[in-house]
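One structure is given here, and the rest of the page talks about it.
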Amino acid sequence: MKKKVAMFKLGDAVFYPAAGVGRIEAVEDIFIGGQFDSCYVIRIRDSGMIVKVPLQSIHKTGIRPLVNCRKLKDLYKVLSSKPARRVTGGNWTERCKELERKINKGSCLELGEVVRDLLRWKNQSGLSFEEAMLLETARAHLANEVAIVQGIAPEAAANKILNQVGVVAA
C-alpha cells in the first residue's frame with residue numbers, strides 16, 4: 001500500500017469550507033472501512049471543534065492553505081467590484097443553493113463574491129432568512145481568514161471587509 005504524503009505541517013493554519021479556519025494539530029492513524037488511514041486533526045478556530053480528515057479525502061473536502069498577500073489583494077478587488085445582479089424572479093432556492101455551493105467550494109474569491117453580493121442585496125432590499133444565514137457563515141469564514149493572515153482581530157477584519165464592500169456596519 002502506498003503511503004499518502006501530507007500536504008500540510010503541524011501548526012499550519014488552513015481553511016476548511018465546512019467549518020471555517022482551523023489549525024493542524026496532529027496527523028494520526030484512524031481505522032476507517034477496515035483499514036488504517038492517516039488523517040489530519042484540525043481544531044476549528046471559531047468553535048473549538050475537532051475535525052479529522054483522511055489525507056486521501058483532502059482534495060474532496062476543499063481544505064486549502066490560507067490566502068497569501070497577492071490573493072488578499074485579489075480578494076479586496078472582488079469585494080469592492082460590482083455585485084452580481086440579483087435575480088428576483090425564478091426559484092430563490094436555486095439562488096441560495098448556488099451561494100451555498102460557492103461557500104462550500106472553499107475559494108476565498110468566491111467567498112468574497114458571496115459576502116459582497118449578499119451585503120449589497122441586504123442594503124438594497126433585504127435578505128431572506130436563508131440568505132441572511134449564508135451571509136453570516138461566509139462573513140465569519142472570510143473575517144477569520146483575513147484576521148489570521150493580517151494578524152488582526154476578527155472584528156477588525158470584518159470591518160475591513162465591510163469597508164471594501166462599501167457598506168456601513170449595522
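Rule-based calculations on the coordinates, nothing more; no lab input. The shown structure was predicted, so the numbers you read here are calculated from the model rather than taken from an experiment. Virtual Cβ from ideal backbone geometry, glycine too; neighbours counted across all protein chains shown.
Can you give the local net charge around G62? Use residues other than it whose beta-carbon is closer than 15 angstrom to its beta-carbon, Lys and Arg +1, Asp and Glu -1. Could the numbers behind the result be given before it?
Details: positive: K60, R64, R101, K102, K105; negative: E100, E110, E145.
Cβ neighbours under 15 Å give a net charge of +2.
What does the charge count around R43 come to, taking other residues whose C-beta lies under 10 Å from its C-beta (Lys +1, Arg +1, Asp -1, Glu -1)? Kindly include the intermediate steps, with their values, before the conclusion.
Details: positive: R23, R45; negative: E25.
Spelling it out: positives minus negatives among the neighbours equals +1.
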Problem - Among [x] 52, 41, 26; [y] 55, 38, 26; [z] 107, 31, 27, the entry that matches Cα extents along the principal axes in Å as calculated here - result: [y]
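Residue separation times 0.36 nm, minus the C-alpha to C-alpha distance between R101 and A26: what's the value?
Values: separation 75, 0.36 × 75 = 27.00 nm, distance 2.87 nm.
Taking R101 through A26 to full extension adds about 24.1 nm, to one decimal.
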Completion exercise
Expected max-MSF residue from S81, S38, S128 in the GNM of the chain (alpha carbon, under 10 Å) is S128
Exercise for the section: Would you work out which of S80, G106, N163 lies farthest towards the positive end of the dipole of the chain, given +1 charges on the beta-carbon of Lys and Arg and -1 on that of Asp and Glu, about the Cα centre? Expected result: S80
Completion exercise
For the stretch 13-65, whose charge dipole is built from +1 on Lys and Arg Cβ atoms and -1 on Asp and Glu Cβ atoms, the candidate among P17, F31, V41 with its Cα farthest towards the positive end is P17
Practice task
Can you tell me the relative contact order of the chain? Whole percent, Cα pairs under 8 Å, sequence separation 6 or more.
Solution key: 19 percent
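Among the trypsin sites (Lys or Arg not before Pro) in the stretch 30-103, which ones are in a DSSP loop with at most 11 other Cβ atoms within 10 Å of the Cβ? Mind listing them? Write out the running numbers ahead of the final one.
On the way: sites: R43, R45, K52, K60, R70, K71, K73, K77, R85, R86, R95, K97, R101, K102; in loops: R45, R85, R86.
Listed in order of number, the matching sites are R85.
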Handout entry: Rounded FRET efficiency, nearest 0.05, which uses the C-beta distance separating E155 from L10 and R0 of 35 Å
Key = 0.80
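Could you give the size of the charge dipole of the stretch 1-132 about its Cα centre, using +1 on the Cβ of each K and R and -1 on the Cβ of each D and E, expressed in debye and rounded to the nearest 20?
Values: 25 positive and 15 negative charges, 114 e Å.
The calculation lands at about 540 debye.
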Practice task
Please give the calculated 222 nm ellipticity per residue for the chain, where each DSSP H segment of at least 4 residues contributes -39500 (n - 2.57) and the sum is spread over every residue; nearest 500 deg cm²/dmol?
Solution key: -15500 deg cm²/dmol
